[in-house]
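Colleague: Take a look at this one; I'll ask things after.
The values are calculated or read from the model by the stated rules, or taken from the named source; none is laboratory data. This is a predicted model, so every value here is computed, not measured. Note: ideal-geometry Cβ built from the backbone for every residue, glycine included; neighbour counts use all protein chains shown. Surface accessibility is based on the protein's heavy atoms, side chains included, excluding ligands, DNA and RNA. Shrake-Rupley method; radii C 1.70, N 1.55, O 1.52, S 1.80 Å.
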Amino acid sequence: MKQTAKKKSFLRQHSLSASALGVVVLRIVLYTRSTPSTRIGSFFGNAIADWTGVFVTVVMTKYLYEKGSRESKQPKGKLPDKLLEIVREHSLTIVLVITGIGWVIAFCEMDPEGKWGQVVGNIVSEWTQILGLVLMTKKLIEVGAKTP
């Protein structure tokens, strides 16, 4: 008798991204209730940027592509329109650049020494790191690291 596969729940299928998002939300709540000049406040502010980077990496690399990057899945097949194909092949970089510009603009409008200015500054740094890693993995390798 053939066994039918049980349909996995939404939470089960997306538990990593949901957990990472939960950590980000928790850090935001804890940071809003803390003083950034304290060690714990500074920790929560920095952790918001770090965990936002984790969440973005998990979600964006699940749905977007960067052709040639070992950190991204590769698109299958070809789209009929060449421009759409180029956009799809580089959608991860395009989204990181556009959202990164948004974070830079937000940071420029804030007091960099203010409570949220420090957090947004850290997010700008995190975005730069993620984009840099995606672009570097197009050509560079690390022996012993996971490869597709």
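Colleague: Determine the gain in length on full extension of the stretch Val29-Trp116; use 0.36 nm per residue of separation and subtract their C-alpha separation, reporting nm with one decimal.
Modeller: 30.1 nm
Colleague: Also, I was wondering about something else. Can you list the residues of the stretch 111-131 with backbone N under 20 Å from a point 7 Å past the Cα of Thr38, pointing along Cα to Cβ?
Modeller: 114-119
Colleague: Over the chain, with the other protein chains present, what is the accessible area per residue in square angstrom, probe 1.4 angstrom?
Modeller: 70 Å²
Colleague: Along the charge dipole of the chain, pointing to its positive end and built from +1/-1 on Cβ of Lys, Arg, Asp and Glu, which listed residue (Val95, Tyr63, Gln129) has its Cα farthest out?
Modeller: About the Cα centre, the residue reaching furthest to the positive side is Tyr63.
Colleague: Can I ask one more? Could you work out how far apart the two model spin labels at Ser125 and Arg12 are, taking each label as a point 7 Å from the Cα in the direction of the beta carbon, and quote it in nm?
Modeller: 4.1 nm
Colleague: While we're on this one: Quick one: which residues, 5+ away or cross-chain, put their amide H under 5 Å from the amide H of Tyr65? H built at 1.01 Å from N.
Modeller: It is Ser91, Leu92, by chain and number.
Colleague: Step through the table entries Lys8/Lys76; Lys82/Lys139; Lys73/Lys138; Lys8/Lys73; Lys62/Lys138, compare each Cα-Cα distance with 21 Å, and write down the pairs that go over it.
Modeller: Over 21 Å Cα-Cα: Lys8/Lys76; Lys82/Lys139; Lys8/Lys73.
Colleague: Placing unit charges on C-beta atoms (Lys and Arg positive, Asp and Glu negative, everything else neutral), compute the dipole magnitude of the chain about its Cα centre in debye, rounded to 20.
Modeller: Its charge dipole is roughly 1080 debye.
Colleague: Still on this structure, I have one more. Run the accessible area of the stretch 9-148 with a 1.4 Å probe and give the carbon-and-sulfur part as a rounded percent.
Modeller: Here it works out to 67 percent.
Colleague: About the Cα centre, and with charges only on the beta carbon of Lys, Arg (+1) and Asp, Glu (-1), how big is the dipole of the stretch 38-106? Nearest 20 debye, please.
Modeller: 200 debye
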